[in-house]
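I have placed the structure first, in the form of structure tokens, so that the comments after it can refer back to it.
Since every read-out is calculated from the coordinates, none of them should be taken as a lab result. Values in this document were obtained by computation on a predicted structure and should not be read as measured data. A quick note on method: Cβ atoms are made from the backbone with ideal geometry, for glycine too, and the neighbour counts reach across all protein chains shown.
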Amino acid sequence: MISNSYVPEKINDANAYLDGTKMIGMAASVTIPEVNMKTSTIEGFGIGGELDSPTIGQFESMEQEVQFNTLYSSATDMLSPLSTVNLTFRAAQQVYDKTGGYGFKGLRVVEVGRVKKFNPGKIEKGETMEATVTLELTYILVEVDGTAVLEVDKLNGVYSVNGVDQLAEVRSLI
């Protein structure tokens, strides 16, 4: 449970891991993909117009782009279309404790997917190449301070929010 006695401030430091091994040569930041449910537009008698209704447990494509400083890095380890890529991002979140002082809370994001796109980047004297690998994710887990706040596993029908199985009732009916 996230405490009200902490004021979240920033990411103090972070690391990225590929299959459990620290990645080398990755750029200094990564944007975690949006998790968007598939929706359909509902309209009819008694409804004041249109509304987008989410289909619980069905998700749009989730893409993760990872940028690398150069190609002499972990970028090339992700390129095989014959295997899945298992990424873990770990961060120390700096928080201010209202009772005084600072503390740190963990953030862990686990992603599994397959390579979808590769951009080898540019060659410019004295600059990074900005090479990118884009993955199509089938799995994402977000943990805050050791507590799973979101888990989506598209291939195994898992959708959990704050440890609560959102699809338990659906599975009981089919």
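Output the residues belonging to the stretch 10-22 that are surrounded by 12 or more Cβ atoms within 10 Å (Cβ to Cβ) and not hydrophobic (A, V, I, L, M, F, W, C).
The first filter runs over the stretch 10-22 and keeps only residues surrounded by 12 or more Cβ atoms within 10 Å (Cβ to Cβ), leaving 11-12, 14-19, 22.
Of everything in the stretch 10-22, those that are surrounded by 12 or more Cβ atoms within 10 Å (Cβ to Cβ) and not hydrophobic (A, V, I, L, M, F, W, C) turn out to be 12, 15, 17, 19, 22.
Can you give me the number of residues within the stretch 22-51 that are in a strand (DSSP E or B) and in contact (Cβ under 8 Å) with a residue 12 or more places away in the chain?
Going through the stretch 22-51 one residue at a time, the tally reaches 6.
Being hydroxyl-bearing (Ser, Thr, Tyr) and surrounded by 11 or more Cβ atoms within 10 Å (Cβ to Cβ) narrows it down to one of 76, 55, 41, 31, so name that one. Reasoning before the result, please.
Values: 55 fails: surrounded by 11 or more Cβ atoms within 10 Å (Cβ to Cβ); 41 fails: surrounded by 11 or more Cβ atoms within 10 Å (Cβ to Cβ); 31 fails: surrounded by 11 or more Cβ atoms within 10 Å (Cβ to Cβ).
None of the other options fit; the residue is 76.
With the condition kept exactly as written, say whether any residue in the stretch 59-69 is assigned to a loop (DSSP other than H, G, I, E, B) and within 13 Å of residue 133 (Cα to Cα).
Within the stretch 59-69, one or more residues are assigned to a loop (DSSP other than H, G, I, E, B) and within 13 Å of residue 133 (Cα to Cα).
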